[in-house]
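Chemist: One structure, as structure tokens, below. Some questions next.
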Amino acid sequence: MGLILLTCLNLPPKLHHKPAYSLVFGIIPGPNSPNTVTISNILKHLVAQLLELKDGVHIPTFLYPDGKYIYLQLLPLIGDLVAVHKASGVVSHLANHFCPWCTSQLPNLQLMRQGEIRNGLDILKAAKWKDSKTLSEQNEFRKKTGIWWYELNNLPYRNPNMHLALGILHNWLEGVLAENSRFCWGFQDEMQEKKGVLKEEEVMLEQPQRR
């Protein structure tokens with residue numbers, strides 16, 4: 001089960017994720033992970049309301065009894081790696097075009113080099129996927145380019161590349177990024193290396209001597 005949570009960026013950062021200032025827009029049903037079609041159908045309702053609010057809605061408030069125009073725009077899309085790919089019109093992180101932000105490809109991953117940054121023209125390319133007449137044409141286009149049309153492309157003010165971010169829960173709080181850096185890529189500082197050596201020596205000392 002997933003959650004679509006909206007927060008107000010006009011507030012101070014310390015208030016962004018307070019329950020009192022957050023809006024639960026929708027719940028993604030379980031028990032299995034939703035596919036891209038399910039995500040798109042859920043986002044349709046959100047995008048429809050955002051398109052109405054982008055030009056402002058006249059609402060009377062306590063401070064403005066005669067009414068005031070309220071504008072609402074959706075900018076950053078934040079989620080874990082799987083959610084970001086499914087909700088941003090990019091193929092799986094296991095596919096050849098694995099990166100939502102650049103054009104790096106899976107065979108060159110071991111080079112650890114950033115590819116060319118994607119730009120707004122990718123939206124126009126994704127429109128070709130939307131206009132494809134058959135499912136096979138869509139699959140072929142997605143396999144070739146690594147992108148497909150998604151609902152947030154209908155918001156004219158969003159940049160599909162700049163307004164995309166990985167959440168801190170999995171990457172920082174749960175230590176996934178640190179684990180990948182240390183165990184997959186072998187990045188360790190001098191203190192960690194010394195601790196590792198000392199730990200190995202302690203294990204050797206604790207082992208009983210064979211006679």
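Chemist: Among all residue pairs at least 6 apart or on different chains, which show Cβ distances below 6 Å where the first residue, located in the stretch 38-67, is within 13 Å of L152 (Cβ to Cβ) and the second is in a helix (DSSP H, G or I) and of a type outside the set (V, I, T)?
Modeler: Taking only residues 6 or more apart or on different chains, the pairs are I39/K86; I39/A87; S40/E151; L43/E151; K44/E151; V47/E151; V47/N154.
Chemist: Taking interchain pairs and intrachain pairs at least six residues apart, which have beta carbon atoms under 8 angstrom, with the first residue in the stretch 83-95 and more than 18 Å from I27 (Cα to Cα) and the second surrounded by 20 or more Cβ atoms within 10 Å (Cβ to Cβ) and hydroxyl-bearing (S, T, Y)?
Modeler: These pairs meet every condition: G89/Y150.
Chemist: Out of (1) farther than 22 Å from N35 by Cβ; (2) in a helix (DSSP H, G or I); (3) under 17 Å from the mean Cα position of the chain (by Cα), the odd one out for N119 is which?
Modeler: (2)
Chemist: Do we find that V57 is touching a strand residue (DSSP E or B) at 6+ places or on another chain (Cβ under 6 Å) and among the β-branched types (V, I, T) in this structure?
Modeler: So V57 passes the test.
Chemist: Continuing with the same structure: Looking at the stretch 70-80, can you tell me whether even one residue there is on the phi > 0 side of the Ramachandran plot and either surrounded by fewer than 19 Cβ atoms within 10 Å (Cβ to Cβ) or free of Cβ contacts under 8 Å to residues at least 60 places away in the same chain (or both)?
Modeler: Within the stretch 70-80, not a single residue is on the phi > 0 side of the Ramachandran plot and either surrounded by fewer than 19 Cβ atoms within 10 Å (Cβ to Cβ) or free of Cβ contacts under 8 Å to residues at least 60 places away in the same chain (or both).
Chemist: Taking the stretch 122-143, which residues are more than 29 Å from L75 (Cβ to Cβ), free of Cβ contacts under 8 Å to residues at least 24 places away in the same chain and in a helix (DSSP H, G or I)?
Modeler: Once the filter is applied, which keeps residues that are more than 29 Å from L75 (Cβ to Cβ), free of Cβ contacts under 8 Å to residues at least 24 places away in the same chain and in a helix (DSSP H, G or I), the stretch 122-143 yields L135, S136, E137, N139, E140.
Computed from the coordinates by the stated procedures, all read-outs in this text should not be read as laboratory data. Keep in mind that what you see is a predicted model, and the values were worked out from it rather than measured. So basically every Cβ, Gly included, is an ideal-geometry build from the backbone, and we count neighbours across all protein chains shown.
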